[in-house]
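Below is one structure, written out as structure tokens; comments come after it.
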Amino acid sequence: MPAIVDNASQNSAPFVDQRPNGPGVSKIDPSDPAAPMYRLLAKMRSPVTLRDLMIHPVRTGYIGQEQPLTAAELPKSAAELYPEIGVCEVAVPSPAGRIRCQVFSPPASRSAGGRHPMMLYLHGGGFTVGQSEDTAYITSRIAAENAMVVVSANYRLAPEWPFPACLDDCLAVLQWMQKNAATLGGDGTRIAVGGDSAGGNLAAALAIKARDEGVPPPQAAVLLAPITDFFFEQYESFERLAPLGIVYDTAFIGFVRGAYLVHGKNWAHPHASPVRADLRNYPPTFIATGTADPLVDDNRAFAQKLRAAGVAKVEHFVREAMPHGFYFFPGMFEQGDEAFAAIARFLKQAGAA
């Protein structure tokens, strides 16, 4: 089904994730006494800041963007697998500007009472890359199997926009969904939050940020291998698996931490490392991780702390030998199918679907 673009997205103002000149961009101040050296470096290497030098290959190489794959090499697209799922775009207003969101909607006839439960989904990509299109299989499948309207947000990325810019965007979308759910055929009182990897971190943190700012929190959280603690090195699985990791490694995740959080004081902030927050009254939570994922011990610790805080329903779905993102591609692992089936059971039991 072709995408239907909401009229609001025709506005000439750029979406927030397309704005390049955020507070994380280094600039040479002509009045700086050291400016002559910086200008010389700018001629000797390009780009002049090493941060920019490192992010370029990450972005150009992410999911085949540098060397596009042929159709025969790729699994079926979300549109092929879930043709019944409608896809449109909405532009959500926020203090920072317009936030582009893709909306994945099941057939209206499957909704009891005319209003679907909803999910705000946040894509992964190490806070530095990615977009809602990358996770269309995940969001389409969740929409199809749970009769949910899934809103997938394109938040601002680091290093141009460091913490807490992307989380501010996520909160703005959540509040917009709560007020405008009916325009999408959704129920604003039944909104779950979900995300994978860095998006899982944002989903986990959003429940805390919403509570702290007096916003009704999501009714449930679906976290696919989330980062819940930026003190990575304290976990045995990270120290054992990350140095030679393939999906991601110690070097990359160290870069991510610096790009996103910038200052060491932010590592322990509860909106950055949710495992270090007060988790009382946290919503029911589902976590999926493979034992070959360096984050598995991080995720175990988060699940344990949620249970200790009295969260009524906490499920940590673990599959042996599965890597980070084992649920990402259709038809690759039966364990991925098992994860989506477990998500469906969880959402139903939690009253979120």
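Quick notes on this one:
- Applying a threshold of 7 Å to beta carbon distances and a minimum spacing of six or more residues, or different chains, the list of pairs starting in the range 253-268 at a residue that is under 13 Å from Glu233 (Cα atoms) and ending at one that is modelled with pLDDT of 95 or more and surrounded by fewer than 16 Cβ atoms within 10 Å (Cβ to Cβ) reads Trp267/Phe231.
- Residue among Gly195, Gly186, Gly214 that is buried (at least 24 other Cβ atoms within 10 Å of the Cβ), modelled with pLDDT of 95 or more and more than 19 Å from the chain's Cα centre (by Cα): Gly186
- Flag if Pro23 is surrounded by 10 or more Cβ atoms within 10 Å (Cβ to Cβ) and in contact with a helix residue (DSSP H, G or I) (Cβ under 9 Å, 6 or more places away or on another chain): yes
Conditions tested, residue by residue: (1) open to solvent by less than 10 Å² (accessible area, probe 1.4 Å); (2) assigned to a loop (DSSP other than H, G, I, E, B).
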{"residue": "Phe302", "(1), (2)": "yes, no"}
{"residue": "Arg307", "(1), (2)": "no, no"}
{"residue": "Gly325", "(1), (2)": "no, yes"}
{"residue": "Gly336", "(1), (2)": "yes, no"}
{"residue": "Ala344", "(1), (2)": "no, no"}
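- Selection of the range 173-183 for residues being crowded, with 21+ Cβ neighbours inside 10 Å and not β-branched (Val, Ile, Thr) yields Leu174, Trp176, Met177, Ala181.
- Number of the condition not met by Val129 [criteria: (1) under 14 Å from the mean Cα position of the chain (by Cα); (2) farther than 28 Å from Phe346 by Cα; (3) open to solvent by 40 Å² or more (accessible area, probe 1.4 Å)]: (3)
- Taking the listed residues Gly264, Gly254, Gly195, Gly214, the one that is of a type outside the set (A, V, I, L, M, F, W, C) and touching a Phe, Trp or Tyr at 6+ places or on another chain (Cβ under 7 Å) is Gly195, with no other qualifying.
- Restricting Pro107, Pro117 to those that are closer than 24 Å to Ala339 by Cα and at pLDDT below 95 reduces the list to Pro107.
- Filtered residues of the range 159-169 (kept if under 13 Å from the mean Cα position of the chain (by Cα) and buried (at least 24 other Cβ atoms within 10 Å of the Cβ)): Cys166, Asp169
The values are calculated or read from the model by the stated rules, or taken from the named source; none is laboratory data. For clarity, every value in this text was computed on a predicted model and none was experimentally measured. With ideal geometry, Cβ positions are generated from the backbone for all residues, glycine too; neighbour counts draw on all protein chains shown. To get the accessible areas, we keep the full protein, side chains included, count just its heavy atoms, and leave off ligands, DNA and RNA. Shrake-Rupley method; radii C 1.70, N 1.55, O 1.52, S 1.80 Å.
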